[in-house]
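The values are calculated or read from the model by the stated rules, or taken from the named source; none is laboratory data. Please read these numbers as outputs of a predicted model, since none were measured by experiment. Cβ: placed from backbone, ideal geometry, glycine included. Neighbour counts: every protein chain shown. We work out accessible area using only protein heavy atoms, side chains counted, and drop any ligands, DNA or RNA first. Shrake-Rupley method; radii C 1.70, N 1.55, O 1.52, S 1.80 Å.
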Amino acid sequence: MPIQILMPALSPTMEEGTLAKWLVKEGDEINAGDVIAEIETDKATMEVEAVEEGVLGKILVPGGSENVAINTVIALILEEGEDAGALEGADVAAPAPQSPSPSPEPSPQGEGVSSQPASTPQISSADASPSPRRGKDRGEGVSRIKASPLAKRLAKEAGLDLAIITGTGPGGRIVKRDVLNAPASAAAAPAAPTALQAPGGFDLVPLDGMRKVIAARMTESFRDVPHFPLNIDCRLDALLSARKDINEAAAEDDIKISVNDFIIRASALALKNVPAANASYTPEGLKLWHDVDIAVAVAIEGGLITPVVRQAQAKGLAAISAEVKDLAGRAKARKLMPEEYQGGTFTISNMGMMGIKSFASIINQPQACILSIGAGEKRPVVIGDELGIATMMTVTLTCDHRVVDGAIGAEFLKYFKRYIENPAMMLL
């Protein structure tokens, strides 16, 4: 009997993904450990390995297919001694059953329960036959329409009748492309426009996996976490001078420190001074983390991801700089592994390079704080008893009030300001 290759779950929260491309073709011999396909999730493109060996007999889900539910049969492997005739009796009309166990909610920035998967996920196989499709042909009443959640939502928003749309997904499942290509006859009677609808109409941009996760998690955080902001102004002149001297001295070693590298270092040291801010809320108690794992917000196409600098309290500016450059580059290429963007204890979001003077971020649960960095700009300030000009930067700390009280947040900002305004203190 042919071996079923299933659509793998590459993280605890994955429900469906895109089968980006096959790296093997029908008739190829496959050995355990061979990389045979690439799967796209909401955060990354990841290679997958086979765990069975044989000959790839038939590809059921072609490369480029979107919204493929996990545990869908995507291909069949012929075992030793089997030929193409064995494929004729293979029952692959429906996805293999999924585990009923609940999955934790995903985070918009990759936070939440860390799965710690292997560096290269593996495609699993199963011998269980998929469940038959219910329908009128079995005398069981009205047939159940098989459609992906995204297809159902798009059809509802467009006023389309799924019952007369032909599905091209696995086992006849209706997927996004079927709805987008639906004939005009599938449309229900048009609803009368409301007063709020603009006469010029609109373009509907479907939510991808990342945007759906961001929407769900940010709504949850803003609604459920009692939060408050604290802001403070930091003078940058000494830091900018120190950065210039360091970069000139280290130019031969190809080291270039950014202002953000100083901010990460200062935050890590301030959290060591105020460990109560490096914490998370749980119903059982407050978790005070031993290491400072700083998540750095990186804008990528379609959303945001936060690669994590692990044990930042133990790393100097050069190490932080090199690690952030590597993580940010691979984040934008969607090549990060889940363990590289999950599990931070504190987040930094810097929009200063975009000219934003100040802002307050939404907390990235289960962390207790997120630090928002504004632009450094020349401002008139009082120096001693004289009016002068200095380069100032406004930062805002958003705190989970269940964990961090105002006094704790203020103490963190006091230490952060001291390190930023006296960068030599970061060497102690």
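Computed in the context of the full set of protein chains, the accessible area of the range 7-62 at 1.4 Å probe radius has 41% of its extent on carbon or sulfur.
Residues of the range 260-297 with amide nitrogen under 20 Å from the 7 Å Cα-to-Cβ point of Arg418? So the set is 262-279, 292. For the range 319-420, a Kirkwood hydrodynamic radius built from all Cα pairs, placed in the Stokes-Einstein relation at 20 °C and 1.002 mPa s, yields a translational diffusion coefficient of 135 µm²/s. Need the C-alpha centroid separation for the range 340-361 versus the range 252-284, integer Å. Computed from Cα coordinates, the inter-centre distance equals 12 Å. Counting only residues at least eight positions apart within a chain, or on another chain, the aspartates and glutamates with an alpha carbon under 14 Å from that of Lys146 are Asp161, Asp178. Using Cα centres only, tell me the gap between the range 17-75 and the range 379-398 in whole Å. The range 17-75 and the range 379-398 have Cα centres separated by 57 Å.
For the range 338-393, the spread of Cα positions along the three principal axes, ordered from largest to smallest, is 51, 22, 17 Å.
The 3J(HN,Hα) values that the Karplus relation (6.51, -1.76, 1.60; θ = phi - 60°) gives for the range 206-216 are, in residue order, x, 6, 7, x, 5, 5, 5, 5, 4, 4, 5 Hz. Gly and Pro appear as x.
Between amide H atoms placed 1.01 Å from N, distances below 5 Å from Gly63 occur with Trp22, all of them 5 or more places distant or on a separate chain. Taking N as the residue count of the range 257-394, its C-alpha radius of gyration divided by 2.2 N^0.38 Å amounts to 1.14.
With 32 Å as the limit on Cα-Cα distance, the pairs of Lys335/Lys378; Lys21/Lys256; Lys212/Lys272; Lys176/Lys332; Lys256/Lys287 that go past it are Lys335/Lys378; Lys21/Lys256; Lys212/Lys272; Lys256/Lys287. Only aspartates and glutamates eight or more places from Lys25 in sequence, or on another chain, were considered; none has a Cα closer than 12 Å. Here the Karplus relation 6.51 cos²θ - 1.76 cosθ + 1.60, evaluated at θ = phi - 60°, turns the backbone of the range 324-331 into coupling constants of 5, 4, 5, 5, 5, x, 6, 5 Hz, with x for every Gly and Pro. Here Lys414 is the anchor, and the aspartates and glutamates within straight C-alpha reach of less than 13 Å, apart from those fewer than 8 places off in the same chain, are Asp233. Label zone of Arg379 (point 7 Å out along Cα→Cβ, amide N under 18 Å): in the range 207-242 this covers 229-240.
Rounded to whole numbers, the Karplus 3J(HN,Hα) couplings from phi for the range 343-360 are x, x, 10, 7, 10, 10, 10, 10, 10, x, 5, 9, x, 7, 6, 7, 6, 10 Hz, using 6.51 cos²θ - 1.76 cosθ + 1.60 with θ = phi - 60°, and x at Gly and Pro.
Restricting the trypsin sites (Lys or Arg not before Pro) of the range 1-66 to loop positions (DSSP other than H, G, I, E, B) with no more than 10 neighbouring Cβ atoms within 10 Å leaves Lys25.
Amide H contacts for Phe346 (H built 1.01 Å from N in the peptide plane; partners 5 or more residues away or on another chain; cut-off under 5 Å): Asp293, Ala295.
Stokes-Einstein diffusion of the range 7-64 at 25 °C, 0.890 mPa s viscosity, Kirkwood radius from Cα pairs, rounded to a whole number: 205 µm²/s.
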